[in-house]
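Participant: This structure is in structure tokens; I'll ask about it shortly.
The values are calculated or read from the model by the stated rules, or taken from the named source; none is laboratory data. Quick caveat, the model's predicted, so the values are computed rather than measured. Here Cβ is always computed from backbone atoms with ideal geometry, including for glycine, and neighbour counts include all displayed protein chains.
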Amino acid sequence: MRTEDIQVKDIMTRGVLTMPVESTAGDIVTVMAENKLSAVAIIDKSGEAVGIISEMDILARIDRIDWKNTLVDELVALSIESINPSSTLQEAAQIMTKKHIHRLVVMSEKCVGASNRPVGIVSAGDLMKKYLQ
């Protein structure tokens, strides 16, 4: 299979760990450490993904905030860069490069279960591993 034919769903990590928007940075750090993750998706009360927060988002502000008690929405603009499972690796690489980001949340597609729900995550490292094969 040619790499330009590979879809994001073929390499994404399934089962994204999510945290509610009401979480504190302390909650997020604990979950990331316990699960050996560098980022988690943030969801609203309806379960829709509204953002992603990474270790770097917290570290960039850790000296200026009471990070254990600061709410997630105070640390990161609640926006999310996402991609559909049927998108190609080339499309994912283009988004990451253009936006200067390291990961994309893979969202369920319309008419495939609930829409706008995180179903996976794909990282720059995932893309690189696949291109090296």
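Participant: On the basis of being under 20 Å from I28 (Cα atoms) and not hydrophobic (A, V, I, L, M, F, W, C), does S79 make the cut?
Facilitator: Judged against the criteria, S79 is a match.
Participant: While we're looking at this one, here's another question. Looking only at region 21-47, which residues are assigned to a strand (DSSP E or B) and closer than 27 Å to S87 by Cα?
Facilitator: Residues satisfying the conditions are A39, V40, A41, I42, I43.
Participant: Where residues in region 63-90 are assigned to a helix (DSSP H, G or I) and touching a residue at least 60 places away in the same chain (Cβ under 8 Å), which of them is nearest to the chain's Cα centre (by Cα)?
Facilitator: L89
Participant: Could you figure out which of (1) under 17 Å from I52 (Cβ atoms); (2) modelled with pLDDT of 85 or more; (3) surrounded by 12 or more Cβ atoms within 10 Å (Cβ to Cβ) isn't true of R117?
Facilitator: For R117, the exception is condition (2).
Participant: Given the structure, is I80 surrounded by 12 or more Cβ atoms within 10 Å (Cβ to Cβ), under 11 Å from P118 (Cα atoms) and at pLDDT below 85?
Facilitator: Yes; evaluated as a whole, the condition is true for this residue.
Participant: Starting from residues that are part of a strand (DSSP E or B) and aliphatic (A, V, I, L, M), keep the ones in region 91-108 and report whichever is surrounded by the most Cβ atoms within 10 Å (Cβ to Cβ).
Facilitator: L104
Participant: Here's a follow-up. Which members of region 5-33 meet the condition of being acidic (D, E) and closer than 19 Å to I121 by Cα?
Facilitator: D5, D10, listed by residue number.
Participant: Let me ask you something else. With the condition kept exactly as written, say whether any residue in region 1-21 is of a type in the set (G, A, S) and farther than 20 Å from E109 by Cα.
Facilitator: no
Participant: If you don't mind, there's one more thing I want to ask. When you go through (1) touching an Asp or Glu at 6+ places or on another chain (Cβ under 8 Å); (2) at pLDDT 85 or above; (3) over 21 Å from R14 (Cβ atoms) one by one for L75, which number turns out not to apply?
Facilitator: (2)
Participant: Another one. So, in region 1-20, of the ones that are surrounded by fewer than 13 Cβ atoms within 10 Å (Cβ to Cβ) and in a loop (DSSP other than H, G, I, E, B), which residue ends up modelled with the lowest pLDDT?
Facilitator: Result: M1.
Participant: Also: Looking only at residues in region 11-46 that are out of contact with any Asp or Glu (no Cβ under 9 Å at 6 or more places or on another chain), touching a residue at least 60 places away in the same chain (Cβ under 8 Å) and not hydroxyl-bearing (S, T, Y), which one is farthest from L132 (Cα to Cα)?
Facilitator: I43
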